[in-house]
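The values are calculated or read from the model by the stated rules, or taken from the named source; none is laboratory data. Owing to the predicted nature of the structure, the values given are computational and were not obtained by experimental measurement. Cβ atoms come from the backbone with ideal geometry, glycine included; neighbour counts cover every protein chain shown.
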């Protein structure tokens, strides 16, 4: 089968790999309908994370091609969506809603889903079947649920976005934008997008942003305070993962407010004394997307939300290298790969 | 009047100061019945925080001696308890339960309550009157409510201690011990005290600890995991404020679990990547004691709790210097000063 391999930073190729097979009786194998490139795939692309002939990808939707002997919840032919972390969905941590930290978790990035087929460990816990075969226009939205929508949704939940709340969003990438969509769905009163790109501002408005702040750093924090009676936002979604973005999030939140942070924190150190006196709630990490999948699939199926519009470039899998370049150069927010 | 002044690190004296008077119409002046020395008073005593002829103390109970023209909620003769932060209790932040970050907050430490009298700003918001004049044996417990009990209580609430939860407590000082009492009151199923001092272990058991862990650092974390099916505690109270104690708290908490941290974070830096992948909820800061005061006073008045036993040394105000020495040398957990 054809699959994306990153040979080294900046060197993405589509090559032949062995087609995956069932290894454990709890596995399934899916034939992918679509996959995509994640903002986090740019870390190794840019040489910030180690990469060496690595199969890429952790987002996926597709059709079940084969199931192991113990698989009961999905069957061959089902159209399925899964999270970027495989989980049994039965352990104590899963049951508490933290499937991304399942005691048996498998990171799908270690398997690679930018490929024609993928093995899905713990298929019963990981995969959620859609109510039927989706019409083609729903594919991007369902694919978004696999990571970026689920991650933005978790960030909004972690930030306790809801009725009466002012939610500020640091980061105008796909996750930040879908965090705005989530905040809107959760009933937030006011959503402040921090963005200086006209195209992303437009998408932010479409997803529910009521205010745009173009300033960054201290000036951005000052602007958020101005918009919130000097107090700061009730809820802040952090969807970047840098020192500046985390500090911006902490400083833009009012005492007692909530930060949901989902940007993978590269090179970030938090000053304990500043955090202490901020009085904020801080929660985040790898999003337990599986917790939200049934609800997200329902909202997409019923066409109540359309997170698929975050994909602004669609390419065949064979052209994955161009997809990486486009995201690296910020010519695209999020690239969908068709099969 | 007589008052405690710290001239320099390690140099505590009791001297004459002007008796405080009403400055703002929202002030009250109280005659102190008792005050005490806080673990945080040891930071300047040890030269870690700046000190220069500074009036000391921020915990207090006493009798209202004088009220400003605008004070309505307390009157001369009332026995009152207040938090270590004066707050209006009406602003948006106070109404959300974060009175320690009131938009008009005044740190009582900047006034100094280790003295015969103290001016209390924002008296209507800050002071809570007891149902009547307390019997003398209730004074230590009511004084504890002013800071250490309220702070331990906030830590337990921030850590979401409650029914079915295993709560680990890092720190066996007065705040940590009263965090155990709070966790017990909040219905925690299991309370693990991290302590290697026999006398404090005994007090921990009295306050509700079900398990004692003597190990520290990585060994302490491993022991907590052993006691929690390999997962870590649901809730961790951090009541020290050092790099080691914060790391211990983060590592001892299960993914999705909650940390309530109330140790003032001196020289602490948190690694963003570790925090991200821990998946914990982190909340803390200067405790909004005022939020809890009415309930704490009720529990004490009805003799349902006795936090006063954390005071293991009682001295007259004139002997404050010996109180500081005893706490610095760990001969005492918490020193009450009588007037």
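Odds and ends about this structure:
- If only residues of the range B:236-247 that are away from chain A (no Cβ under 11 Å) and not in a loop (DSSP other than H, G, I, E, B) are counted, the one that is surrounded by the most Cβ atoms within 10 Å (Cβ to Cβ) is B:237.
- Residues in the range A:43-55 that are surrounded by 16 or more Cβ atoms within 10 Å (Cβ to Cβ) and modelled with pLDDT under 95: A:43 alone.
- Test: residue in the range A:210-224 that is closer than 27 Å to residue A:84 by Cβ and buried (at least 24 other Cβ atoms within 10 Å of the Cβ): no
- Per-region count, the range B:194-232, residues part of a strand (DSSP E or B) and within 30 Å of residue A:102 (Cβ to Cβ): 3
- Count - residues of the range A:276-285 that are without any contact (Cβ under 8 Å) to a residue 60 or more places away in the chain and under 16 Å from residue B:253 (Cβ atoms): 1
- On inspection, residue A:178 fails the criterion of being outside any loop (DSSP other than H, G, I, E, B) and surrounded by fewer than 21 Cβ atoms within 10 Å (Cβ to Cβ).
- Condition met for residue A:110 (assigned by TED's automatic domain parsing to the domain that holds residue A:304, over 16 Å from residue A:298 (Cα atoms) and out of contact with any strand residue (DSSP E or B) (no Cβ under 7 Å at 6 or more places or on another chain)): yes
- In the range B:289-300 there is at least one residue matching the filter, namely being more than 25 Å from residue A:256 (Cα to Cα) and in contact with a helix residue (DSSP H, G or I) (Cβ under 6 Å, 6 or more places away or on another chain).
- Residue in the range B:286-302 that is outside any helix (DSSP H, G or I), more than 9 Å from chain A (Cβ to nearest Cβ) and either without any contact (Cβ under 8 Å) to a residue 40 or more places away in the chain or touching a strand residue (DSSP E or B) at 6+ places or on another chain (Cβ under 7 Å) (or both) present: yes
- Residue within the range B:198-209 that is surrounded by 18 or more Cβ atoms within 10 Å (Cβ to Cβ), within 11 Å of another protein chain (Cβ to nearest Cβ) and in contact (Cβ under 8 Å) with a residue 60 or more places away in the chain present: no
- Enumerated strands (runs of 3 or more DSSP E) restricted to the range A:1-41, each holding at least 3 residues that are within 27 Å of residue A:262 (Cα to Cα): A:2-8, A:28-37
For (1) at pLDDT 95 or above; (2) outside any strand (DSSP E or B); (3) over 18 Å from the mean Cα position of the chain (by Cα); (4) facing chain A (nearest Cβ under 9 Å), each residue gets a yes or a no:
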| residue | (1), (2), (3), (4) |
| --- | --- |
| B:234 | yes, no, yes, yes |
| B:249 | yes, yes, yes, no |
| B:255 | yes, no, yes, yes |
| B:263 | no, yes, no, yes |
| B:267 | no, yes, yes, yes |
| B:274 | yes, yes, yes, yes |
